[in-house]
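The values are calculated or read from the model by the stated rules, or taken from the named source; none is laboratory data. Because the structure is a prediction, the values reported are computed rather than measured. Cβ atoms come from the backbone with ideal geometry, glycine included; neighbour counts cover every protein chain shown.
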Amino acid sequence: MPEPNLVLENSPLAAMTREQQLIASVQQGRRELFYELVRPYERRVYAAALAILRNEADAEEVCQEAMLKAFAHIPQFRAEARFSTWLIQITVNEALMRRRRDRTVVMEGLAEHPDEEGNYTPRDFADWREIPSEALERKEVRQRLAEALAMLDRKYREVFMMRDMEHLNIQETAEALGISTASVKTRLLRARLMLRDLLAAGWERGWFSRLPFEKGSKPW
Amino acid sequence: MVVSCEAVWREISNYLEDDMDPGLRSAMEEHFRSCQHCNAVLEGTRNVIRLYGDDRMFELPSGFSRRMERWLTRNVVVSRGTWPGWLIAAVAAVLVASSLTLARSLMTPNPPLRSEHAQAGHGIPPDMVVVVTEGAKLFHVPGCEVIHNKDKQRTLTAKEATREGYVPCLRCMRKYLNLAGARRAGAHAEKDEQREAAIRAAVD
Ligand SMILES: [Zn+2]
Ligand SMILES: [Zn+2]
């Protein structure tokens, strides 16, 4: 990271990361730096909104509104919080509000089942092999993963999204979605195991067959 | 401590979170060493977490960043003091809506009724290189004297500029704009922009 030349060595700013400097500058009125500050998180913020709203146009609109809210509240942002988490929480909040508002047209809400209390039994015990992350360079793979995620019930999908994709911790996920940490853990377990089964089934149908794995081995 | 497969499945998520007491943890490790099924579940779940946790899973719709930057420029950078952001946004939306109609009419091929003479050289070529600047609503021929903030200018095609809501500058784009209606609409946009700038200056 290039050392910004305006920072004096003895200034308290010297010990700050580029992000902390940006936050401090925006808080002091340098509005033009706000986009630079939030830009690295655009993708995560959008994905969070999309996970909740499931509509690209709505998600984008909510992101824009959420960024304005973040700007309006940035004087209250405290350095001990993670900025990315803070942004995502604002976005999730905005998206949930939007969904509540539009609830009448969202059929999915009616089909919610209560948390499954019973244990989840994995269905597929195929031999595994590590799938290299480079597989994600292939649009087909990303699409399969997205499709599997879309098959989960909303409550599992959202928790999985926040914890495993947005990298919020359990407590932050609970706060963002307004549920208990116990619920987060139960749903997370189920989401992870269901996704594994869904993708294992996909493997059998040849979704990943063109990936360079050893013949006969299965990654799930 | 000995754990069953069922217990392992129940705890596998906590195991991966490293959220359990050391006794259970080592019992599970022991189990994974001897149980192929649970090992498959563990490694598959690790695959799930690693792949979905990768940044490459996130794709933005095309133009998202550009629209976000423009949105924030309008509502955060440009709107100062007590000038409420939503009002600027509303004004901008009206301007964009009207200018879009105008620009679309400029860029589509001329209607068939017009004479061949009138068609020649009219309309802005969609892939013509033009220049825009932050906070302004006009697009220009590079080097136009009306461009302010030359250090913040950005180059793009006329088509992209139009899609982003910019309208042609009357000074430098005039030769493309000899449709009477277009000139009127363009003049409106320019006047609106001046008015907006004046309001902003007054509020500052
Ligand atoms: Zn086992
Ligand atoms: Zn010009």
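Some points to look at:
- Only one of the numbered conditions (1) at pLDDT 90 or above; (2) within 14 Å of chain B (Cβ to nearest Cβ) is violated by residue A:89, and that is (2).
- Of all positions in segment B:57-80, none carries a residue that is within 15 Å of ligand 1 (Cβ to nearest atom) and not in a helix (DSSP H, G or I).
- If the condition is being buried (at least 17 other Cβ atoms within 10 Å of the Cβ), over 22 Å from residue A:164 (Cβ atoms) and either within 16 Å of ligand 2 (Cβ to nearest atom) or not hydrophobic (A, V, I, L, M, F, W, C) (or both), then segment B:5-36 contributes only B:31.
- In summary, residue A:193 fulfils each of the numbered conditions (1) within 8 Å of chain B (Cβ to nearest Cβ); (2) under 14 Å from the mean Cα position of the chain (by Cα) with the single exception of condition (2).
- Taking the conditions (1) under 20 Å from residue A:59 (Cα atoms); (2) facing chain A (nearest Cβ under 7 Å) in turn, residue B:74 satisfies each one other than (2).
- Residues satisfying the stated conditions in segment A:163-180, i.e. of a type in the set (Val, Ile, Thr) and either within 11 Å of another protein chain (Cβ to nearest Cβ) or touching a helix residue (DSSP H, G or I) at 6+ places or on another chain (Cβ under 6 Å) (or both): A:170, A:173
- Unmet requirement for residue B:106, which otherwise passes all of (1) in contact with a Pro (Cβ under 8 Å, 6 or more places away or on another chain); (2) at pLDDT 50 or above: (2)
- Taking segment A:55-71 as the range and being in contact (Cβ under 8 Å) with a residue 40 or more places away in the chain and under 13 Å from residue A:34 (Cβ atoms) as the test, only A:71 passes.
To keep it simple, each residue is scored yes or no on (1) surrounded by fewer than 18 Cβ atoms within 10 Å (Cβ to Cβ); (2) at pLDDT 80 or above.
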site	(1), (2)
B:143	yes, no
B:148	yes, no
B:154	yes, yes
B:158	no, yes
B:173	no, no
B:177	no, no
B:201	yes, no
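- Positions within segment B:1-53 being at the interface with another protein chain (Cβ under 7 Å from one of its Cβ atoms), among the small types (Gly, Ala, Ser) and part of a helix (DSSP H, G or I), in sequence order: B:13, B:40, B:44
- Out of B:47, B:39, B:75, sole residue that is buried (at least 20 other Cβ atoms within 10 Å of the Cβ) and under 30 Å from residue B:9 (Cβ atoms): B:47
- Inter-residue pairs, beta-carbon under 6 Å, first under 19 Å from residue A:144 (Cα atoms) and among the small types (Gly, Ala, Ser) and in segment B:35-61, second assigned to a helix (DSSP H, G or I) and away from ligand 2 (no atom under 16 Å from the Cβ), 6+ apart: B:44/A:196; B:53/A:164
- When the residues of segment A:149-162 are filtered to those that are more than 9 Å from chain B (Cβ to nearest Cβ) and part of a helix (DSSP H, G or I), the one that is surrounded by the fewest Cβ atoms within 10 Å (Cβ to Cβ) is A:150.
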